[in-house]
Amino acid sequence: MKGLKLFAAVLVAAAFVSCGQNTKSGQTEADSLRSELELKQKEMDELLATINFVQEGFNQIDEAEGRIDLTVGEEGVRSDKDKLAEQMDFIINKMNENREKIAQLNKMLQSSKNVSAQTKKTVEALTRQLEEKEAALVELQEQLKAKDIRIAQLDSVVGNLSTRVSDLEADNESKGKVVDAQDKIINRAWYVYGNRKELRDRKILDDGEVLKNQDFDKDYFSEIDIREFKELPLYSKRATLKTSHPAGSYQLVKDEKGQYVLKITDPAKFWEVSRYLVILVK
């Protein structure tokens, strides 16, 4: 009897030990799972916070762009030009912040296995929006050049964009489409020719000044690639370039009918002042 009691006691003690070990093992697994969930939540919170930061940055850029006034003429008041420079500084700084944050987002997407397909699409959309804003800055620089307004920080941004395009060209072929798109942005320009009435009606000419108003008819211009655009028949016996293009970079020659043809002899020099070409013909 005593032997049976002793044996039962041993079984009970073993049961308690086994239960304790199972409980301890279960607690360890629960702690590990909790830590993993907390890490995933932290990653997601950081990702969403960065996305919200970038989206808010683009909202602020849109608002600032809406306040830009390009009606300042070549003899515009200095305070107006200073105000324009301040607005551009704000936009460019926000663009730089968003570029850095989007780079962070792409790194986070590469390192995390817990990102949804929708989140990836959101980051891709933000990247495209950044590229569109950069293209808009290039176009804005050309509009300012046409008015002899230079903003150093804007010139620097466009220059950096050109550098990034060059760097991309040296990268592998998988980035070819991106390189091509950026390259086209850097090398595009716009031209138009017409008589005085046509150019006035589309607000391209205003009181003898070219591209004075921001609301000129941009759709009336033809877009070209400056690397391929070498000459332009004008079908007129009178022609005057209204936008600024350095002497020695082009020629106005007559064809067999006595009508003018614009021949660009030095494209890099011809387009360095303005990417808009306006020609008055009669």
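Computed from the coordinates by the stated procedures, all read-outs in this text should not be read as laboratory data. The structure displayed is predicted, hence computed values, not measured ones. Note that we place each Cβ from the backbone using ideal geometry, even for glycine, and neighbour counts take in every protein chain shown.
Observations
- Take the Cα of residue 132, step 7 Å toward its Cβ, do the same at residue 244, and the gap between the two points is 3.2 nm.
- Neighbour-count order for 91, 61, fewest beta carbons within 10 angstrom listed first: 61, 91
- In nm, spacing of pseudo-spin labels at residue 236 and residue 256 (7 Å Cα→C-beta vector): 2.4 nm
- Cross-link pairs beyond the 31 Å C-alpha cut-off, checked among 40/133; 203/269; 184/257; 83/107; 121/184; 121/269: 40/133; 184/257; 83/107; 121/269
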